[in-house]
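Reading through the structure tokens given below for one structure.
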Amino acid sequence: MMKKLLLLALIAVAREAMAEDAQCVRERAAMVETIRAYARSAGVLGPQGISESVLKAVGQTERHRFIPAGSCSVAYADMPVSIGQGQTISQPFIVALMTHLAEVKFDHAVLEVGTGSGYQAAILARLVRKVCTIEIVPALGEVAAKVLGDLGYDNVSVKVGDGYHGWPECGPFDAIVVTAALGHVPPPLIEQLRVGGRLVMPLGPASATQQLTVIEKIAPGETKTRSVILVRFVPFTRSQD
């Protein structure tokens, strides 16, 4: 009798998990369509909107695995979500937009500054050869590394440290994505960017809205900058050492 009850309990748990997974799939697909529609209506990218390769990567990435409690209804709403330590996981549209603006390719090496939950790194990992990501908050970096490892993202390396200095040993980089606001572009990041590469980051004071900015390195010591859209990011945290 006990074995039968245990078996029934396991079946019930499995059915519940399958129902939850199906809900996540539906809500993730709806989120992608929301991103697609918003990108076209916002007018920041023209009628073509966000590239299909980026949208496919977003559609394949389980955002609910990267937030506390893992709620599908929360994870796939187009809004930022708190991940603790005063940090957030960015709005899915903004994550997709920054990935699109970086113009990454399958053979690229990419640096992310501000790992957070690991979600942005996971999306980049589906599109490029190698992702190197830096997080200054040890607790977040350690959790993100574990989640990314458990989910099989074996082309992502996570480092705990001050992202202002970049990660020279992991570069040079074809693209750099910075997920925190700063009033200037850190010179070490430009140095570690290949000619022809792009750096995407929110530029401006942490106390107000910032400009999501694309900095393209067109020659050694020469860059071209353009602002894309107003955003609001958490402040860029520096080491006190």
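Rounded, prolate or oblate: which fits the range 30-121, taking a ≥ b ≥ c as square roots of the Cα gyration tensor eigenvalues, rounded meaning a/c under 1.5, else prolate when a/b beats b/c?
oblate
Roughly how big is the chain's charge dipole about its Cα centre, with Cβ charges of +1 (Lys, Arg) and -1 (Asp, Glu), in debye to the nearest 20?
In debye, rounded to 20, the chain gives about 460.
Using a 1.4 Å probe on the protein heavy atoms, what percent of the accessible area of the chain belongs to carbon and sulfur?
Percent of accessible area from carbon and sulfur atoms in the chain: 57.
Out of (1) 58, 42, 32; (2) 98, 38, 31; (3) 75, 45, 37, which label holds the value of Cα extents along the principal axes in Å that was computed here?
Correct label is (3).
In nm, what is the difference between 0.36 nm times the number of residues separating Glu191 and Lys159 and their Cα-Cα distance?
Using 0.36 nm per residue and subtracting the Cα-Cα distance, I get 9.6 nm.
Could you rank the peptides 89-101, 134-146, 221-233 by their average count of other C-beta atoms within 10 Å per residue, with the highest value first?
With the highest mean Cβ count within 10 Å placed first, the list reads 89-101, 134-146, 221-233.
Calculate, for the range 143-241, the solvent-accessible area per residue in square angstrom, rolling a 1.4 angstrom probe over the heavy atoms of the protein chains.
Accessible surface, normalised per residue, equals 49 Å².
Given 0.36 nm per residue, what is the gain on full extension from Ala219 to Lys56 after removing their alpha carbon distance, in nm?
Taking Ala219 through Lys56 to full extension adds about 55.5 nm, to one decimal.
Could you tell me how far the Cα centroid of the range 77-101 sits from the Cα centroid of the range 155-174, in Å?
For the range 155-174 versus the range 77-101, the Cα centre distance is 20 Å.
From the square roots a ≥ b ≥ c of the eigenvalues of the alpha-carbon gyration tensor of the range 84-171, which class results: rounded (a/c under 1.5), prolate (a/b over b/c), or oblate?
rounded
Under 18 Å between C-alpha atoms is the cut-off here; go through the chain and count lysine pairs that meet it, provided they're at least eight residues apart or on different chains.
Lysine pair count for the chain: 6.
What number, in percent, do you get for the relative contact order of the chain if the mean sequence gap of Cα pairs under 8 Å and at least 6 apart is divided by its residue count?
Here the relative contact order equals 14 percent.
The values are calculated or read from the model by the stated rules, or taken from the named source; none is laboratory data. Everything quoted here is computed from the prediction, not taken from an experiment. As a convention, Cβ positions derive from the backbone with ideal geometry for all residues, glycine included, and neighbour counts pool all protein chains shown. Note: accessible area is taken over every heavy atom of the protein model, side chains too, but ligands, DNA and RNA are not part of it. Shrake-Rupley method; radii C 1.70, N 1.55, O 1.52, S 1.80 Å.
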